[in-house]
Amino acid sequence: MLSAGLSGAAVYVGMIRGQSQNRLHIVAESPDQARGQFIAAMERERADRDLATATQTADAAVAGLTEDGPVKLLNTEREHLRKPITKAEREVDKWQQAVEAFTEHRETHRAEQEEHETSVVTAETNAEQTLAGVTQPLIEQATADGDDYLTARSTLREAETAHRAAGRLKKRTTARTLNEATTNHRAA
């Protein structure tokens with residue numbers, strides 16, 4: 001059965017396979033139309049192309065490669081695109097260098113920050129030790145001075161009370177004791 005999908009090679013192979021007879025069925029309105037379909041099928045995709053067909057195919061392929069063909073247009077477009085591409089590549093390089101510089105700065109700052117944090121911890125520890133070393137003796141001294149003051153004040157009050165309650169004979173002794181207590185209180 002001849003159809004539009006059969007090539008000349010397929011028709012040939014089908015026609016030589018029969019041993020006693022070969023029939024090719026063609027659906028057409030007239031014998032002339034059937035003959036035309038047969039001829040068209042035999043000319044479709046022939047495996048053995050002649051020299052003229054091969055030359056035409058080669059000429060068509062080469063025509064695109066000549067200076068006046070599509071290659072010239074392609075080369076012109078390439079040149080137009082080469083400049084922006086080169087500029088874009090330079091911009092990419094510049095930004096990559098910036099990224100590398102920022103990364104390097106970040107690492108430097110991170111190291112400096114760690115160093116500063118270590119210094120702060122060390123300084124705080126030293127300050128606490130120094131404060132403890134300085135304040136502890138001051139606290140002890142202030143406590144002793146406070147105790148001395150309270151004792152001196154208590155002694156002064158007792159001396160004042162004793163001086164007021166003393167009779168005439170004891171007034172001189174209590175006055176001396178009161179003067180000593182007043183002096184000690186002022187000193188404290």
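The values are calculated or read from the model by the stated rules, or taken from the named source; none is laboratory data. Only a predicted model underlies this, so the values are computations on that prediction, with no experimental measurement involved. We work out accessible area using only protein heavy atoms, side chains counted, and drop any ligands, DNA or RNA first. Shrake-Rupley method; radii C 1.70, N 1.55, O 1.52, S 1.80 Å.
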(request) Filter the stretch 104-154 down to residues that are under 35 Å from the mean Cα position of the chain (by Cα), open to solvent by less than 100 Å² (accessible area, probe 1.4 Å) and not acidic (Asp, Glu), then give me how many there are. (result) 8
(request) Just give me the residues in the stretch 1-43 being open to solvent by 100 Å² or more (accessible area, probe 1.4 Å), not in a helix (DSSP H, G or I) and not polar (S, T, N, Q), in sequence order. (result) Met1, Arg17, Arg23, His25, Val27, Glu29
